[in-house]
Structures are given as structure tokens and as C-alpha cells.
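FYI, it's all coordinate maths here, none of it is from the lab. This structure is a prediction, so every number in the text was calculated from the model and none was measured. Cβ: placed from backbone, ideal geometry, glycine included. Neighbour counts: every protein chain shown.
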Amino acid sequence: MRTPIIAGNWKLNKTVDEALGLAKALKEQLNDLKNVEIIVAPPFTALAPLAEALKDSPILLAGQNCYPAEGAYTGEISPTLLRDVGCRAVIIGHSERRHLFAETDEFINQKIKAALAAGLRVIFCIGETLTERNENRTFEVLESQTRNGLSGLDSASMNRLTVAYEPVWAIGTGQTASNEQAQEAHHFIRELLGNLFDSSVAENTRILYGGSVKPENIDGLICQADIDGALVGGASLKAGDFIRIARFKQ
Ligand code: PEP
């Protein structure tokens, strides 16, 4: 039985006051939620105040990115410092990092290893572009991103890793993958995890869907056999929308 995860990626939004206001609303209205893990990834500037504000709450904090080393790396943040400020997880390989900041699978793999070594959980994002989908290369892309991103990991470390399937054409566009398209990709990823690791990794790894998840489409997505929750961007910025998504109906 895989416990669903609903994670909010706030990206580069929210001042500290705004972040505290949103966190307070989530804490008040989601504290009674059972059998769903809630994760929020605010901008770095809001991590310390949110760690304090959420300390008696089951809502977990995540970083949006990290760098796989410490020392003379101006402007970067390490997994150790994310843990120190109260993060339990970190998002790695988001398509905005891959496409806007030219992050390669190899670099993403280094970050994943560094984050796991520092004791963080990882939300590892993969997904094809529209061109790749139109060229029937979706599975090929998902396979190479997964194979390279998870290279060198063992089955034991996979219990702290969650995969997020985020088709690039669905992120921030309002165009969600259909339930069937999402399920097909998730099923492929689960089988691939079985081939790369073993059947227990395939069975136990949570695979989240991300890409224009909203209150109107979460119930259909979460009913799919291989969809274990959602990574939510835009709709995680509004308390009402995120709360409705977290209170999905199965
Ligand atoms: C995301 O950025 O991870 C995301 C899924 O964004 P949105 O929900 O806005 O499409």
C-alpha cells in the first residue's frame, strides 16, 4: 500500500509574509488529514520561518533544488544546509532546472546522491517535451532520464526517492495529461524501476503526476492504478485549491 503524496512547488513566488500566511492556512485546514503526506517547497528565503511555523504539523518542508557539494559555490545551497534549516526532502531535476538552467542527467544524478547521503528524501522529476511526445519518443526519454538520473543507486536508497512524472508540455500550461496518458507513462516508469532495481522497488516507489493539476482534475488522476499523488505548481499557491487537491476523492 503506497501512501499518497501531495506536494506543492511554490517556485519563485511568495514573500516571507505571504508564505507564512499560506502555511498557516494549510496547517489549520490539513492537520486532520490522514493517510496522505503533504509536502511544501517554498523559496529558500521562506524555509527557516516555515520550519518554525510548521513545527507541530505533519506538513513536511522541501527545498526546490540543491548543489552536490559544499564550499566555494557562490549562490548555491547544499543538502546539508537544507536539512539544517528543517527540510526533509528536496525536488531534483525539475524541468525548469533542466531547460532554463541546462541541468544534465549526470548533474541531476550527482545531486540525488548528495541529497540522499545528507539524509534528505528526493522528489526526482522526469518528463518529455511536446516535440518528443509528438515524435513518439516519450518512453525513450523517460527511460534515459530515469536510467541516468538513478545510475549507481541501490534498492535500499530508493525507499527515500519519489519519482514525479511531469510532461513538460503540461507544466504551467493548463493542459493536463489525460488520465490515460498519465497512467500509461506511470505504468511504464514502474515497470522500468522493476527492471533497473527489483520488484519491491517497483511496487513501493511513489510516482507522482505533475502538470497543471487542479481541483477539477485531481480526482480522476489519483484513481489511476500507478498514480500515487501529485506535484502541484500553480494551484499550490492558493490555499483553497491546494487544500481541495490534498483532500482528493478516490
Ligand atoms: C511544476 O512546476 O512542478 C508543476 C507541475 O507546475 P503546474 O502545476 O503549474 O503545471
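Students often get this wrong: which residues of region 125-140 have the backbone nitrogen under 12 Å from the point 7 angstrom along Cα-to-C-beta of THR173?
Taking a point 7 Å out along Cα→Cβ of THR173, the residues of region 125-140 whose backbone N falls under 12 Å are 128-135.
List the lysines whose Cα sits under 22 Å from the Cα of LYS113, skipping any in the same chain fewer than 8 residues away.
none
One quarter of the convex hull surface, Cα atoms only: what value does that give for region 66-106 in nm²?
Values: hull surface 13.5 nm².
Average of the hull's projected areas for region 66-106 equals 3.4 nm².
Among residues other than GLY172 whose Cβ falls under 15 Å from its Cβ, what is the net charge (Lys/Arg +1, Asp/Glu -1)?
Details: positive: LYS11, ARG97, ARG98, LYS214, LYS238; negative: GLU96, GLU166, ASP241.
Charge balance in the 15 Å sphere: +2.
Taking θ as phi - 60°, what are the ³J(HN,Hα) couplings along region 243-249 by the Karplus curve (6.51, -1.76, 1.60), each to the nearest whole Hz, with x for Gly and Pro?
Running phi through 6.51 cos²θ - 1.76 cosθ + 1.60 with θ = phi - 60° gives 5, 5, 5, 5, 9, 4, 10 Hz.
Collect residues whose amide H, placed 1.01 Å from N in the peptide plane, falls under 5 Å from the amide H of ARG206; neighbours closer than 5 in sequence don't count.
Here VAL163 satisfy the definition.
Quick check: the distance between the Cα centres of region 149-169 and region 216-250, to the nearest angstrom?
For region 149-169 versus region 216-250, the Cα centre distance is 21 Å.
R0 = 30 Å: FRET efficiency of SER200 with ASN13, Cβ-based, nearest 0.05?
Values: r = 38 Å, r/R0 = 1.26.
Efficiency, rounded to the nearest 0.05: 0.20.
With 19 Å as the limit, write out which pairs from LYS214/LYS238; LYS55/LYS249; LYS14/LYS238; LYS11/LYS238 have Cα-Cα distances beyond it, or answer none. Walk me through the numbers before you get to the answer.
Details: LYS214/LYS238 11 Å; LYS55/LYS249 27 Å; LYS14/LYS238 11 Å; LYS11/LYS238 13 Å.
In this structure, LYS55/LYS249 exceed 19 Å between Cα atoms.
Give me the extension gain from SER144 to GLU52: residue separation times 0.36 nm, minus the current Cα-Cα distance, reported in nm with one decimal. Before the final figure, lay out each step's value.
Details: separation 92, 0.36 × 92 = 33.12 nm, distance 3.93 nm.
Full extension of this stretch gives 29.2 nm more.
Mind putting a number on the dipole of region 19-131 about its Cα centre? Charges go on the C-beta only, +1 for Lys and Arg and -1 for Asp and Glu, and I need it in Debye to the nearest 20. The partial results should precede the final answer.
Details: 11 positive and 13 negative charges, 43 e Å.
Taking the Cα centre of region 19-131 as origin, the dipole is about 200 debye.
So for region 5-246, taking the charge dipole from beta-carbon charges (+1 Lys/Arg, -1 Asp/Glu), which of ALA202, GLY63, GLY152 sits furthest toward the positive end?
GLY63
For region 32-41, just list the computed ³J(HN,Hα) in residue order, Karplus coefficients 6.51, -1.76 and 1.60, θ = phi - 60°, integers in Hz, with x standing in for Gly and Pro.
Going residue by residue, I get 8, 5, 10, 6, 9, 8, 10, 10, 10, 10 Hz, with x marking Gly and Pro.
Need the full-extension length gain, GLU135 to CYS223, defined as separation in residues times 0.36 nm minus the C-alpha distance. One decimal, nm.
28.8 nm
Taking the Cα centre of region 5-246 as origin and charging only Cβ (+1 Lys, Arg; -1 Asp, Glu), how large is the dipole, in debye to the nearest 20? It would help to have the intermediate numbers written out before the result.
On the way: 22 positive and 31 negative charges, 117 e Å.
The dipole of region 5-246 has a size of about 560 debye.
Show me the trypsin sites (Lys or Arg not before Pro) within region 1-43 that DSSP assigns to loop and that have at most 15 other Cβ atoms within 10 Å of their Cβ. Please list the in-between numbers first.
Numbers: sites: ARG2, LYS11, LYS14, LYS24, LYS27, LYS34; in loops: ARG2, LYS11, LYS14, LYS34.
Sparse-neighbourhood loop trypsin sites (Lys or Arg not before Pro): ARG2, LYS34.
Measure off 7 Å from each Cα along the Cα-to-Cβ vector at ALA156 and LYS214, then give the distance between these two points in nanometres to one decimal.
Distance between label points: 4.6 nm.
Report the charge-dipole magnitude of region 88-184 in Debye, nearest 20, computed about the Cα centre from +1 at each Lys and Arg Cβ and -1 at each Asp and Glu Cβ. Could you put the intermediate results ahead of the total?
Numbers: 10 positive and 13 negative charges, 110 e Å.
The calculated dipole for region 88-184 is roughly 520 debye.
How many nm separate the modelled label positions at MET1 and GLN181, each set 7 Å beyond the Cα in the direction of the Cβ?
Each label point is offset 7 Å from its Cα along the Cβ direction, giving 3.3 nm.
Tell me, what ³J(HN,Hα) does each residue in region 166-173 have, in order and in whole Hz, if you take phi through Karplus 6.51 cos²θ - 1.76 cosθ + 1.60 with θ = phi - 60° and put x for Gly and Pro?
Coupling constants for region 166-173: 10, x, 4, 5, 9, 7, x, 9 Hz.
Which semi-axes, in whole Å and largest first, does the equivalent ellipsoid of the chain have when worked out from the alpha carbon gyration tensor as the square roots of 5 times its eigenvalues?
25, 22, 17
Report D for region 143-191 in µm² per second (integer): Stokes-Einstein, Kirkwood Rh on Cα pairs, 20 °C, 1.002 mPa s.
Values: Rh = 12.4 Å.
Approximately 172 µm²/s, per Stokes-Einstein.
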